[in-house]
Amino acid sequence: MSLNDFIYGSYPNIIYETFNEPVDASWTGLLKPYHQELIKTIRANDPNNLIILGTPNYSQKVDDAAADPITGEKNIMYSLHFYSGTHKQWLRDTTEAALSKGLPIFVSEYGVVNADASGPVDMVETQLWWDLMDRHGLSNVEWAIYDKDEGASALKPGTTAKQACQEQYLTESGRVAVEQIKK
């Protein structure tokens, strides 16, 4: 093996996310310059793979990025995170506004319960989010394929790797996610 075997850029299926859930960070003052520097570093080793850029307030302020996007780069997208039980129409409106400005968005985390991973599955709000993502062709990743005792977990506590794909070991969140993926 050579050193190049350890560089991710040699693989065509890598997705980089340069900042997961920035909290109290200004897009223009901090995050945009930070992402621009990381893009340069990544592109020096990987000219093609996707780079996802975290947006302010736990990756919810996609409107900040839409107002001042990074230009001159290829294959970059902006991260959006939501939890159906907490993030309702106001965040869908924010997302629609950013999309209308041409901002490419990747939903790199979402859940069908509350943002604190508690509560029941909110199917009404979840369906509204799925409709938005389908309408705009947004790639998305649901949270989370683990067995922690909380509403966002896809697996019941104690589920082993061999049991993970068996329906009786899925939580309500897990069943909903599997049904959506199968569509």
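The values are calculated or read from the model by the stated rules, or taken from the named source; none is laboratory data. Predicted model, so just to flag it, every value in this text is computed and none were measured. Don't worry about glycine lacking a Cβ; one is built from the backbone with ideal geometry, like all the others, and counts go over all protein chains shown.
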Near pairs, Cβ below 8 angstrom, 6+ apart or cross-chain, from the stretch 1-15 (assigned by TED's automatic domain parsing to the domain that holds I42 and closer than 14 Å to N75 by Cα) to any residue that is outside any loop (DSSP other than H, G, I, E, B) and at pLDDT below 90: G9/N45; I14/Y8
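Name the residue that is surrounded by the fewest Cβ atoms within 10 Å (Cβ to Cβ), counting only residues in the stretch 117-141 that are within 24 Å of A98 (Cβ to Cβ) and of a type in the set (S, T, Y). Walk me through it before giving the result.
Filtering the stretch 117-141 down to residues within 24 Å of A98 (Cβ to Cβ) leaves 122, 124-141.
Keeping just the survivors that are of a type in the set (S, T, Y) gives 126, 139.
Numbers: T126: 23, S139: 14.
Per the criteria, the residue is S139.
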Those residues of the stretch 126-141 which are of a type outside the set (A, V, I, L, M, F, W, C), part of a loop (DSSP other than H, G, I, E, B) and under 13 Å from the mean Cα position of the chain (by Cα), in sequence order: S139
Condition check for A97: small (G, A, S), surrounded by fewer than 22 Cβ atoms within 10 Å (Cβ to Cβ) and under 15 Å from W143 (Cα atoms): no
Failed condition for T41, given (1) more than 28 Å from A117 (Cβ to Cβ); (2) part of a loop (DSSP other than H, G, I, E, B); (3) hydroxyl-bearing (S, T, Y): (2)
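On the basis of being small (G, A, S) and either free of Cβ contacts under 8 Å to residues at least 12 places away in the same chain or part of a strand (DSSP E or B) (or both), does G72 make the cut?
Working: small (G, A, S): yes; either free of Cβ contacts under 8 Å to residues at least 12 places away in the same chain or part of a strand (DSSP E or B) (or both): yes.
Yes, satisfied.
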Test: residue in the stretch 48-55 that is within 26 Å of L128 (Cα to Cα) and touching a Pro at 6+ places or on another chain (Cβ under 8 Å): yes
Considering residues of the stretch 164-183 that are surrounded by 14 or more Cβ atoms within 10 Å (Cβ to Cβ) and outside any helix (DSSP H, G or I) only, the residue modelled with the lowest pLDDT: A164
Members of the stretch 88-123 found to be over 23 Å from D149 (Cβ atoms) and in a loop (DSSP other than H, G, I, E, B), listed by number: K88, K101, G102, L103, P104
Residues being part of a loop (DSSP other than H, G, I, E, B), of a type in the set (A, V, I, L, M, F, W, C) and crowded, with 18+ Cβ neighbours inside 10 Å - total across the stretch 142-156: 4
